[in-house]
Amino acid sequence: MDVDVRAAGDLDRAELMRLFARAGEGSPSASLWGDSDSEAAIYLTPYLDLEPGSAFVALLDDRPVGYLVGCVDGTRFPTEEERMRAVLREARLFRRREVRRFFARALLDLGRARLRQRETAGDLVDPRWPSHLHVNVAPEGRGTGAAQALMARWSDRLAAAGSPGCHLQTLVENARAVRFFTAEGFCPHGPTPLVPGVRYQRARVHQLTMVRPGP
C-alpha cells in the first residue's frame, strides 16, 4: 500500500469532516460532547478557513485516511476558547441534553479546580514554539506510515515559514499518541492540568503539552 500526502483543498472538506468524526475512535479524545460537526468547528474548519496552506491530507491507495491542520503563528489565530465561544453562540448546542451534561460537568470541574487552586487546560503561548498542529488518522490508516508522512510534510511547511518551533496538545491518557509524538521528536512541556468536562472510561483526563524545535 502506498501513502501519499498532498495539500488539502476545498473539495476535500466533506471528506475531512468524515475523517474528523472517525479518526479518534477508541482514543481518550474521541469525542467531547458527542456532536462532531460542532467539535470540528473548533478543531478542524477554522484551520481550513484561516490557514489553508497548513492543511494536508494523507491518501492510502488514493483513499483519504488522515489529515493534518496547523497554524504557523498562533498569535495570529483565534484561541481555542474564542473558537469554542463562537461555536456555542452559533450552533445553539445547549438544546441537546448531552451537551448540557458535558458543560455542567465542565463547570463543576472548573469550580473544584479553582477551590483547590489548580490549573486547568489551556493554550500554550510561548514565542519559542509559536506553531501548533492537529493530526488525525482513521483506524485503517494506522500503522501505514500515513501519520509520519503528514508530520514530514508539516516539518517542510515549518522550515519554509522559518518557524522556530511548534507545539501540540494531547492527553496524558492517550498513550498511543504520546508514543507517536515522542518518536517524532516532541518532548513534554509544563504541567499536566485537568481537562474540564472530558472523561475517558469514566475517569478524568489531563492535558499534555509537547514541544519540538523548528527543523
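How many of the residues in region 47-70 are over 13 Å from Leu19 (Cα atoms) and either modelled with pLDDT of 95 or more or not in a strand (DSSP E or B) (or both)? If you could, list the steps in order and put the result at the bottom.
If we filter region 47-70 for residues that are over 13 Å from Leu19 (Cα atoms), which is where we start, we get 47-55, 60-62, 70.
Retained after the next criterion (residues that are either modelled with pLDDT of 95 or more or not in a strand (DSSP E or B) (or both)): 47-55, 61-62, 70.
Within region 47-70, residues that are over 13 Å from Leu19 (Cα atoms) and either modelled with pLDDT of 95 or more or not in a strand (DSSP E or B) (or both) number 12.
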Flagged pairs (Cβ under 8 angstrom, 6 or more apart or on separate chains; first in region 51-71, of a type in the set (Asp, Glu); second in a loop (DSSP other than H, G, I, E, B)) are Glu51/Val72; Glu51/Phe77; Asp61/Met1; Asp61/Asp2
Within region 106-148, residues under 19 Å from Gly24 (Cβ atoms), assigned to a helix (DSSP H, G or I), open to solvent by 30 Å² or more (accessible area, probe 1.4 Å) and modelled with pLDDT of 95 or more come out as Gln148
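Within region 71-84, can you find the residues that are assigned to a helix (DSSP H, G or I) and touching a Gly at 6+ places or on another chain (Cβ under 9 Å)? Show your work before the answer.
Just the residues of region 71-84 that are assigned to a helix (DSSP H, G or I), to begin with: 74-76, 80-84.
Once the filter is applied, which keeps residues that are assigned to a helix (DSSP H, G or I) and touching a Gly at 6+ places or on another chain (Cβ under 9 Å), region 71-84 yields Glu80, Glu81.
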Which of the residues that make up region 1-28 are in contact with a Ser or Thr (Cβ under 7 Å, 6 or more places away or on another chain) and of a type in the set (Ser, Thr, Tyr)?
-> none
Going through region 158-211 one residue at a time, which ones are of a type in the set (Gly, Ala, Ser), open to solvent by 20 Å² or more (accessible area, probe 1.4 Å) and not in a helix (DSSP H, G or I)?
-> Gly162, Gly185, Gly190, Ala203
Unique match (being among the hydroxyl-bearing types (Ser, Thr, Tyr) and open to solvent by less than 10 Å² (accessible area, probe 1.4 Å)) among Tyr67, Tyr43 | Tyr67
Residue check, Val87 against (1) over 22 Å from Leu208 (Cβ atoms); (2) among the hydrophobic types (A, V, I, L, M, F, W, C); (3) open to solvent by less than 80 Å² (accessible area, probe 1.4 Å); (4) at pLDDT 95 or above, all met but one. Which one?
-> (4)
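The values are calculated or read from the model by the stated rules, or taken from the named source; none is laboratory data. What you see is a predicted model; the values in this text were computed from it and never measured. FYI the Cβ positions are ideal-geometry reconstructions off the backbone, even for glycines, and counts take in every protein chain you see. SASA here: full protein model, heavy atoms, side chains in, ligands and nucleic acids out. Shrake-Rupley method; radii C 1.70, N 1.55, O 1.52, S 1.80 Å.
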